[in-house]
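K.L.:
To start, I am sharing the structure in question, which I have written as structure tokens.
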Amino acid sequence: MALNGNEFRTAVAWWDGQATVAVTGEICLPTAPELASRVKECLARRPHRVDLDFAQCDFATARARTAWSGFIARRRRKAWS
């Protein structure tokens, strides 16, 4: 998705039962669902670990960070219940 001239992309790499989700571009409300979808796809495969690589992430809006934090908190509660 292009946003303000920035292309948002996610890429998943698997190695030894671990997933790394690399993010390129800006995380904002329109792009956050794609990131959540990628992470959910990874979690469905029940990896030992999921790493999020934000090294190429240019920007994340405060609202997107809040939404993402809520997503992680819900996943943790679900995992522990």
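K.L.:
At 222 nm, what value in deg cm²/dmol follows for the chain if DSSP H runs of at least 4 each add -39500 (n - 2.57) and the sum is divided by all its residues, to the nearest 500? It would help to have the intermediate numbers written out before the result.
P.N.:
Numbers: 2 runs with 32 residues, N = 81.
That calculation yields -13000 deg cm²/dmol at 222 nm.
K.L.:
Now a separate question. Given 10 °C and 1.306 mPa s, how large is the Stokes-Einstein diffusion coefficient of the chain in µm²/s, with Rh as the Kirkwood radius over Cα pairs? Write down the numbers at each step before the final one.
P.N.:
On the way: Rh = 13.2 Å.
Rounded to a whole number, D works out at 121 µm²/s.
K.L.:
Now a separate question. Against the longest principal axis of the chain, how steep is helix 62-80, in degrees 0 to 90 to the nearest 10, with axes from Cα atoms?
P.N.:
For 62-80 against the chain, the angle is about 10 degrees.
K.L.:
Using alpha-carbon pairs under 8 Å, 6+ residues apart, how would you state the relative contact order of the chain in percent? Let's see the in-between values first.
P.N.:
Details: 106 pairs, mean separation 24.5, N = 81.
Relative contact order here is 30 percent.
K.L.:
Also, I was wondering about something else. Using only the alpha-carbon atoms, how far is helix 32-44 inclined from the longest principal axis of the chain? Give it as 0 to 90 degrees, nearest 10.
P.N.:
Between helix and principal axis, roughly 20 degrees.
K.L.:
Place the peptides 31-40, 67-76 in order of packing, highest mean first, counting for every residue the other Cβ atoms within 10 Å and averaging per peptide.
P.N.:
Top of the packing list down: 31-40, 67-76.
None of the figures in this text is laboratory data; all of them are computed from the coordinates on show. Small disclaimer: the values here were computed from a predicted structure and weren't measured. No Cβ is skipped: glycine too gets one built from the backbone with ideal geometry, and neighbour counts run over all protein chains shown.
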